Amino acid sequence: MASDAEPGRRRRCCAQDTPDVPKGPDCPGDSDGPRRGSLCERHCAAINNVQGDLGELGCHLHRPRVPPAMSTPSCCQQHSEEVCESCVVKTTLTAENAVEANKLSNNYKFGFKKWKSHVTARPWEDRSEIVKELYSDLNVIRGSGGSTLTCGNVLYLLLFGWWLSLLYVLVAAAMFVTVIGAPYGWLCWDLAGYFLWPFGKVIQKVEVTKSHQACKAGAGESSALLGGPTPRRWRPQCWASSGYWHRASTAVWLSLGYPVLALAHGLVCVTAWLLIVLIPVAKLSARATSRVLLLPPERVLIRRLKMTEVPLEGEVILCCYRAANPYYYKYAVDGINVFAVNLLPLVLVTLVLGYADSPNHLTGSAIKFTLALLSIMPLSYYIGMAIASISAQSNFAVGAVVNATFGSITELTFYITALIKGSREGNRCYAEVVKSALTGTLVGCVLFVPGLCMVIGGIRHQEQRFNSRSAGVSSALLFLSVGGVFAPTLFSKVYGKLVCGECHNVTQNPLGHYLCHNCHFDLMDNNGTLYYSHVQPLVYTVSILLPAAYLIGLFFTLKTHTHIYDIHVSDCHMPGHHHSAVVHWSRWRALVILLLSTLCMSACADLATEHISPILTNSTISQYFIGVTVLAMVPELPEIVNGIQFALQNNLSLSIEIGNCIAVQVCMLQIPILVLFTIFYPTNFTLVFSDLHVYASMFSVVLMNYIFMDGKCDYFQGTVLVMVYFILLAVYFFAPSPSGC
């Protein structure tokens, strides 16, 4: 990454600034200009080390201006001289359009949500062949499809092929019984063989102007590409292709045969879509239901392909080679990842089951709590996507307000709902669970998120570098925030009175040793003088200072010291790129989705807190462990996935910033908001944590700063962070439940 610039001197992004950078591909757009050995390649590799998104976006570096005779026209010549100077002294990342450039710029802004996915539709020509295959229809014939005997195709045969083929045979028999439905009977008979093993076969729509023309086709009709005889239904059933018999046959088919097969294909389509890797099977079933089964039988041809590239005559409706594709985890619908699409019905099931079955007649509290917790994951994704879309299409002020308002809405919704329920029931256990969740989020985002990204990124890259200065800002704020959050706890340990529930004299001597249980520091001694006169004012003071420090950090990184990121995102375009941006979600659509997702999040959080009480009461697992694991990390899963994607593209800076920003927001925004909430709605929440929370948090922050000192890391350092995190989880697992639970 970038290093500090010397005073009075201008710094340029050169290959010498980033040592040990592997060679990359040539910079696009430089083919017509003079080449400088491998300098251009090293420029591209250096930028790739800073911003992994260049693997998809392409790299473009603004260089110093040279005489026109020696340079080709660049986008730098199309802008003002000020823009050119900033391009020279900073690493320039090229986006596809202005909206994507704004999103990339927001990723490097402190306090803004880091988002990996595109908020605009990528140009088709810029996508890889693998991604193009995911979005292509199953009507493309390849010259040589290779062997069709693959594991995915065999899986299709075992899951769907055999019973779908059998169903077609039964429907064909029913059509033959009706006599007038015999043409569709022959169609179903042919489709039974097709759906048993559809791979390497083609379904073609042919144009038949006259019924007798089809009858004249000989039994040995074939083509250079298609092998096998003409389907039998074309010859003896030509009488049913016109007039009254055709209309009667269609009526019988639509009333008896088509509904059964459409229902079966619908089941196959939904099942295959939910399995994700079998989405080609879902496309196959959907296209068969909407196209093939609605065509007249005489216009459907089913043949097996030969290994040749002679074009077909007529429209190809279906041509499938593989039933499974492992790359479908990249598939998106209107910009929404397929996992988030598949989990969206879970939200509806959770809300309907949770509020319609209040007495728990259908399911128990454990199932409802699990469903409510799982529903938070897709809602967190939609909230993140909406925030990124609004910020990318708006100015800085609007983006900052949206990120500050809704950036922590997922966690705050659950915490506030749990505190309200605990206050109504007079149960202090809810407040302890909230404290455990806060600590778990802090520890997880400091240790687990960056550690996991280092491990996964280290598998592909031997050593990863990141901007130590930008990470140092977050680390300094973490030190400040942890000290401020736990200051009331340390104050209570010093001045509080130790109270124990039960004590036993071990030596039977009044002056001997006593063994005490359930000991804690009492802050309410002498009618709460210590708490109300000393601890509570300290809590309010800390709750004011921490957000103020957060605002100072924003001003420092976004206004006065923006150069520490050494990033300039340009919306200049490469040859062949489109300047117009087709956004997935407009501002108004993103705002509506953001509000609806927030409402659904509130409802799911209410259901989770409603049904967590039996789990806390009857579970043998410590409430500490439930709070620091399930309640803390499940809402952060979309952020963890974003961090992993950045790390895989050698952009560890953003992976680290994701965890650091969440941890800073927990201490500097979420906790002060909870303290402010208790002023207007009294709850059992006090900013006094257990010793375990204090030690775990402080140790995690110190270890993270030690690992991040040199600005580079590998999978071993990531393994250390992950192992320390699991050790802390083991401590929480075997720890006794907190007092009040």
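The values are calculated or read from the model by the stated rules, or taken from the named source; none is laboratory data. What you see is a predicted model, and the numbers here were worked out from it, not measured in a lab. Glycine also receives a Cβ, built like all others from the backbone with ideal geometry; neighbour counts cover every protein chain displayed. To get the accessible areas, we keep the full protein, side chains included, count just its heavy atoms, and leave off ligands, DNA and RNA. Shrake-Rupley method; radii C 1.70, N 1.55, O 1.52, S 1.80 Å.
Here are the numbers:
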{"read-out": "Some residue of segment 663-682 being open to solvent by less than 30 Å² (accessible area, probe 1.4 Å) and at pLDDT below 85", "value": "no"}
{"read-out": "In segment 683-725, the residues that are in a helix (DSSP H, G or I) and among the hydroxyl-bearing types (Ser, Thr, Tyr)", "value": "Tyr695, Ser697, Ser700, Tyr706, Tyr715, Thr719, Tyr725"}
{"read-out": "Residue count, segment 429-476 (criterion: of a type in the set (A, V, I, L, M, F, W, C) and open to solvent by less than 20 Å² (accessible area, probe 1.4 Å))", "value": "16"}
{"read-out": "Residue check, Tyr355 among the aromatic types (Phe, Trp, Tyr), surrounded by fewer than 16 Cβ atoms within 10 Å (Cβ to Cβ) and in a helix (DSSP H, G or I)", "value": "yes"}
{"read-out": "Every residue from segment 435-475 that is of a type in the set (Gly, Ala, Ser) and in contact with a strand residue (DSSP E or B) (Cβ under 7 Å, 6 or more places away or on another chain)", "value": "Gly457, Gly458"}
{"read-out": "Scan of segment 187-206 for residues that are part of a strand (DSSP E or B) and under 16 Å from Thr289 (Cα atoms), ordered by number", "value": "Val202, Ile203, Gln204, Lys205"}
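Yes/no matrix, rows are residues, columns are (1) open to solvent by less than 40 Å² (accessible area, probe 1.4 Å); (2) at pLDDT below 90:
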site	(1), (2)
Tyr258	no, no
Val268	yes, no
Ala286	no, no
Ser290	no, no
Leu301	yes, yes
Leu305	yes, yes
Glu309	no, yes
Cys320	yes, yes
